[in-house]
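Report on one structure; see the data block that follows.
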Amino acid sequence: MALDSEPPVFPVSIKLTAARIDAKHTDVAVLGFSNCIVILVTQLSSVGSLVQCVVSQLADTMLADPQHMADQLANEASVPVDIKFLLGNPGACAASSLYQILATFLSQRKHTQNPSDVRPVVLGIGLDLPREYKVSMDDGMPDLGAFSSTMNAVGALVDECRVW
């Protein structure tokens, strides 16, 4: 290799952004590896949980039917996603349900933006969630109405950093 040649480009696409979400500084990094997409979202300057999101094989079956694909693209929530916690205990904290919902949302969003990209998403997440977002004692379900604005804001930041 000649000394005057340019150094090789790092083989991973990396995009970064930051914004205030719910009055908290939020960092987002998206890394595009050849075998997966890594999305890091934190308000805590660290990653608390790692969640793997794989678009289900059912989605591939749906893509075979052009009409069904058009319907699917119109409704990203219809894309089935398999979720697995790689690090962090899904039952140990009240935020784990919200983390699963956010992971599903971001993976569905990625899939509808580029259905041909079959790489799984690995989401590293550490959010400082307000008490009103957490699980209700009445029915054991998280308050999705309160969380939806946060989820959409995180989705918009991730869209700024798309590597797919």
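Out of Arg162, Arg119, Arg131, one residue alone is charged (D, E, K, R), surrounded by fewer than 18 Cβ atoms within 10 Å (Cβ to Cβ) and at pLDDT 90 or above. It is Arg162. All of Ala70, Ala29, Ala19 fail the test of being among the small types (Gly, Ala, Ser) and at pLDDT below 95, apart from Ala70.
The values are calculated or read from the model by the stated rules, or taken from the named source; none is laboratory data. Quick caveat, the model's predicted, so the values are computed rather than measured. Every residue, glycine among them, receives a Cβ derived from its backbone with ideal geometry; neighbour counts consider all protein chains shown.
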